[in-house]
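Since the structure comes first, as C-alpha cells, the remarks are kept for the end.
The values are calculated or read from the model by the stated rules, or taken from the named source; none is laboratory data. Just so we're clear, the structure is a prediction, and the values are computed from it rather than from any experiment. Please note: Cβ atoms are built from the backbone with ideal geometry, for glycine as well, and neighbour counts cover all protein chains shown. Remember, those area values only see protein heavy atoms, side chains included, never the ligands or the DNA or RNA. Shrake-Rupley method; radii C 1.70, N 1.55, O 1.52, S 1.80 Å.
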Amino acid sequence: MSILRRFVSFMTSNSSPSNGAPRTSTENESPEKKLYDSLDEVQKAIYHRPFGPDGYPIDAWTDPYYETWFRAHQASEVQLQEQRDAQADLAIRPLFSIIVPLYKTPIEYFRTMADSVLAQTFDNFELVLINASPELLELADELRTYQERDRRITVVTLDENYGITENTNRGISVSKGDFCCFLDHDDFIEPNLLFEYASALNDDPTIDFLYCDEDMVSFDEKTQAFQHLNPMFKPQFSPELLLCKNYIIHLMTVRRTLIESMSRPDARYDGAQDYNMVLRCIGRARSVRCIEKVLYHWRIHPASTATNPDSKPYSRIANKLSVFSHIETRQLNAALVSSGIFNLHNVWFNGSAPTTSVVVSCADDFRVCRNFLISLLEANLPTSTDVIFVGNKPVLREALRSVSLDGFPIPASLTLISSQGNKLCDYNDGARHAKGKNLVFVDDLCSFITPEPLRQLGALCALNGVGISAPKLLYPNGSTKCFGVAVTEGRIMPLHRGYPDDFPAYQCNARAFQNVSACSLQGLCISHDLFHVLGGFDERFEGEIGAADLCRRVLNHSLRIVATPLVKVEVDEAAPQTPYNTQTQAPDFRADDLKLFDEKWPAARAAGDPYYSSNFDQASPYCQLPRS
C-alpha cells in the first residue's frame, strides 16, 4: 500500500458522520472507500493516464476503452459513400487479388470474410478462393453461390490439402492482380481497406509492400455482434524489429512483380508463411507503407493462434526457419536467442567486432570516476578498444592510479582530455582523438552489465541501412530509464521509462530490437566516419535532446536508429519517484533544448514519429490510447 493510501486509512479509521445521523445508502460506503475513490481521481488528474491494478499504465492492448475508440474511428457511412464516388477518379487504379486459402472453413466464417471483401468501397479487385476441402459439400455449394453472385470471385478447387503455403502458391498462380493480398479464411476486413491502400499508391507509386493496423475480435452470442479488443498499432517499416518477430502480420499486400522476382516457398514454412514472405520481400521492396488505421480483424477462436499459440505448434519451427533463411541470405554471422515470448527471438551477433572507441564524459568526483573505471575494466572489452576520458585530468589520473594499485590492468590505448564544461562539446573533443571505426558515448555514471556490449552494438550499427545503435538503459533499482526515444508532436520522450527491466511492454516490444526515431546519449554507438560527416553533436544543446538532434540528421541520411535489449547499461542515477508521471519523469529532456530542436527542425515533430503510431497518445511513452 502506498504511503498516501496508508495515510487515508489512518485518517478514516473509526470515523462516523459528525451529526450522529444514520447513514444513507451513499453514506453507508466507508469513508475510506470514498477517499480511495477520490484518491483515484486525484491520481488520474496528476498522471493524466489510466492505470491498472498492478500499478502499470494501461497500454492500448489491454485498455477496455478500445472498443469505444475503435467505433469512433471507423469510417462512417457518409465517408464510405464518398470513397465509392471518388475511387473511379483515382489516377492509379491497381487490381488487387485477395487470396484466401480455405480448409474446413465454417460457413459463418466464410460468409463474414467474403461479405467484407465484397463490401469494399474500391471495386477493382478479385477474390481468389482456394478450396482445399472439396469433400465438404456445404462449403462447395456456398462457394458456387458466391461465385455466381459476383464475377470478381474465382474458385480453385484442389484435389487435396497441400498445406497453407502450397495452397497459397496455387492462388498466386491463378490470380491476375497488380498486387496480391493475403487474407485468412476466418478473419475479415473493413470496407475502406482497399481504398486506403489504393490512395497510398496514388501518393507514392513506388510502394511495393503494404500492411495496416489490426485488432482481435470475439463474437458475442448474447449481443450477436463482434467485440473489438487487443489493437495492434504498428510502426512504419522497421527492418530490425522484423528480425525479431513478424510485427506486420495482416493485411500483407505485395506487388506481383516483387513476388515473381523470388522463388516460391514450400510447405516447410507452413504456420509462418506470412513471416517468410515478409522477410523475403523486405530487401527487394522499393518502398513499404503501413496504413495506420485498424482495417483488419483477427478472429479469436480455439483453432486460432490469436489466443492459442499451441493450436499450431509447427509454426514455431517454421518461424525460426524463416529467420535462419533470412540470416543466411544476408550472410550475417549471427544466431537466434530466446526472448521468453512465443515466436519472438533476438539476434546475437558473432565474429569479430569493428574496433571501437569509448568516449567517456567524467565529472570532478574521484569516487565516481574510480567506480566507473572499475566497471569498465570488468566489462572485458576487446583489447583493441581505445578509451578517451574527458574531464578533470588530475582527478582522472588519481582514479587511474588508484585502480592500478588495486591490481586492475590499465588499457594500453587510453587518452585523457580536459573538459570544456559542456557534455556535447566534450564528446566532440573526445571523438577527434578516437582511433576506432565506431564511437560509443557514455558518462561515468554508466556501467555495461551484459556480455560483449561493444560487439553487439557495433555489429548492429554495421547492418546495411543502420546509422546508430543504442542499448537499453536501466536505473540501479532495475527499472527502465530509456529504451528508445519518441519524437512526437506532444513531446520528445524516453520510451518505457519506469517499467521493470523484465516487463515486456506493448506487443512485447521491450524484448526485441526497436527501430526508433532517437535514442539517449548514454551508450549511443555510431560509426566514426558518419559522425564526422554529420559534424558531430550540436554543442548548443545541453541535454538528451542533443542526441535526438544527431539522430534527426542520421534519419535525413536515410539511415535508421536501432535500440537493442541485448545490451544493457546501468546508470547510477535515482529513478523518478513517480515513474509514470509524464509531467515530471523526464527532466533530462530540457525545455530549452526542445525549443532549440523545434527551431532547428520546425516540421519534424508535427510530421509525427514513424515508429510510434499516430494512434497512441502522443504525450505518453507507454503506447496508450489518447483520452479526449
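General remarks:
- Residue among 349, 389 that alone is within 29 Å of the chain's Cα centre (by Cα) and either under 30 Å from residue 548 (Cβ atoms) or open to solvent by less than 40 Å² (accessible area, probe 1.4 Å) (or both): 349
- Members of region 104-120 found to be under 33 Å from the mean Cα position of the chain (by Cα) and part of a helix (DSSP H, G or I), listed by number: 109, 110, 112, 113, 114, 115, 116, 117, 118
- Under the condition of being in contact (Cβ under 8 Å) with a residue 60 or more places away in the chain and either assigned to a loop (DSSP other than H, G, I, E, B) or farther than 22 Å from residue 314 by Cβ (or both), the residues counted in region 274-284 number 3.
- Residues in region 150-183 that are charged (D, E, K, R) and either touching a Pro at 6+ places or on another chain (Cβ under 8 Å) or part of a strand (DSSP E or B) (or both): 2 in all.
- Residue in region 589-599 that is touching a residue at least 24 places away in the same chain (Cβ under 8 Å), in a helix (DSSP H, G or I), hydrophobic (A, V, I, L, M, F, W, C) and open to solvent by 10 Å² or more (accessible area, probe 1.4 Å) present: yes
Conditions tested, residue by residue: (1) modelled with pLDDT of 95 or more; (2) open to solvent by 80 Å² or more (accessible area, probe 1.4 Å).
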{"position": "22", "(1), (2)": "no, yes"}
{"position": "33", "(1), (2)": "no, yes"}
{"position": "51", "(1), (2)": "no, no"}
{"position": "56", "(1), (2)": "no, no"}
{"position": "77", "(1), (2)": "yes, yes"}
{"position": "97", "(1), (2)": "yes, no"}
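- In region 354-377 there is at least one residue matching the filter, namely being among the charged types (D, E, K, R), closer than 20 Å to residue 522 by Cβ and loosely packed, with under 15 Cβ neighbours inside 10 Å.
- Verdict on residue 83 being at pLDDT 95 or above, touching a Pro at 6+ places or on another chain (Cβ under 9 Å) and on the phi < 0 side of the Ramachandran plot: yes
- Subset of region 155-186 (residues that are under 13 Å from residue 102 (Cα atoms), polar (S, T, N, Q) and touching a strand residue (DSSP E or B) at 6+ places or on another chain (Cβ under 6 Å)): 157, 167, 168
- Meets criteria (at pLDDT 90 or above and either under 23 Å from residue 563 (Cβ atoms) or out of contact with any Phe, Trp or Tyr (no Cβ under 6 Å at 6 or more places or on another chain) (or both)) for residue 372: no
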